[in-house]
Amino acid sequence: LVRRRQTVVTLWTSELCLVGAILVVATGAYLQGSPFTDTEDYIHVALVRRLLHLARPAVDNIYFVPHVVYTYPFPGTHYAMALIARAGGLDPLFLYHKLRAFWAFVALATLYALVRALFSSRQVALTASFVALAMVANGTFGSIGGMWGQLTPFSHSSDLAMGVLLPALLL
């Protein structure tokens, strides 16, 4: 409290344009949503629903079979979705489907931050991010066969681990 640091945050117009473009892609991801046509997707939604109503979650009681450790206890995306569903009063299926917009925003923003940290250049990070956005828009880094969302990840735990958590860990 005695010494206060003066921090100045400067934003370039191109960075604001990047945020706007990421929001447009995130809006498209919200409208498209994460698919839930596979049995495994329903298992993930059911686990989120179970965690939402479980009094004392533990590694060995979140799966449907008693005392069986579920294969996806980490990275904890099921726990996070259950907390969001509880805080917002949302149905886990709706949340699983529509949370893709948030994952897309985080994945694309993390890409910018990661490239900026690696190359220590705002221009290189902006160029890489706009190229990635163009490739998402034309389908190159979009959805592959309804199984992998790439830079607009689905809400499936494996997709989140590859598209959001690993890049954030690298950052």
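The values are calculated or read from the model by the stated rules, or taken from the named source; none is laboratory data. The structure displayed is predicted, hence computed values, not measured ones. Note that each Cβ is placed from the backbone with ideal geometry, even for glycine, and that neighbours are counted across all protein chains shown. To get the accessible areas, we keep the full protein, side chains included, count just its heavy atoms, and leave off ligands, DNA and RNA. Shrake-Rupley method; radii C 1.70, N 1.55, O 1.52, S 1.80 Å.
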Legend entry - Some residue of segment 45-54 being open to solvent by less than 40 Å² (accessible area, probe 1.4 Å), assigned to a loop (DSSP other than H, G, I, E, B), among the small types (G, A, S) and free of Cβ contacts under 8 Å to residues at least 60 places away in the same chain: no
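Within segment 97-126, count every residue that is in a helix (DSSP H, G or I), without any contact (Cβ under 8 Å) to a residue 12 or more places away in the chain and not charged (D, E, K, R). Give the steps one after another, and end with the answer.
The first filter runs over segment 97-126 and keeps only residues in a helix (DSSP H, G or I), leaving 97-98, 100-119, 122-126.
After this cut, where a residue has to be without any contact (Cβ under 8 Å) to a residue 12 or more places away in the chain as well, the list is 116, 118-119, 123-124.
Among the residues that remain, those that are also not charged (D, E, K, R) are: 118-119, 123-124.
Total meeting the criteria: 4.
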Inset, instruction - Taking A80 as the residue in question, decide whether it is without any contact (Cβ under 8 Å) to a residue 24 or more places away in the chain and surrounded by 14 or more Cβ atoms within 10 Å (Cβ to Cβ). - result: yes
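Residue by residue through segment 22-35, note down the ones that are among the hydrophobic types (A, V, I, L, M, F, W, C) and surrounded by fewer than 18 Cβ atoms within 10 Å (Cβ to Cβ).
First, pick out the residues of segment 22-35 that are among the hydrophobic types (A, V, I, L, M, F, W, C): 22-26, 29, 31.
Of everything in segment 22-35, those that are among the hydrophobic types (A, V, I, L, M, F, W, C) and surrounded by fewer than 18 Cβ atoms within 10 Å (Cβ to Cβ) turn out to be L23, V24, L31.
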Inset, instruction - With the condition kept exactly as written, say whether any residue in segment 100-116 is surrounded by fewer than 17 Cβ atoms within 10 Å (Cβ to Cβ), of a type in the set (K, R) and under 20 Å from the mean Cα position of the chain (by Cα). - result: no
Legend entry - The lone exception for D41 - which of (1) of a type in the set (D, E, K, R); (2) within 16 Å of H156 (Cβ to Cβ); (3) at pLDDT 90 or above it fails: (3)
Inset, instruction - Could you list all residues from segment 1-21 that are open to solvent by 40 Å² or more (accessible area, probe 1.4 Å) and under 22 Å from G139 (Cα atoms)? - result: C17, V19
Legend entry - Among residues of segment 55-77, those that are open to solvent by less than 30 Å² (accessible area, probe 1.4 Å) and more than 18 Å from the chain's Cα centre (by Cα), counted: 3
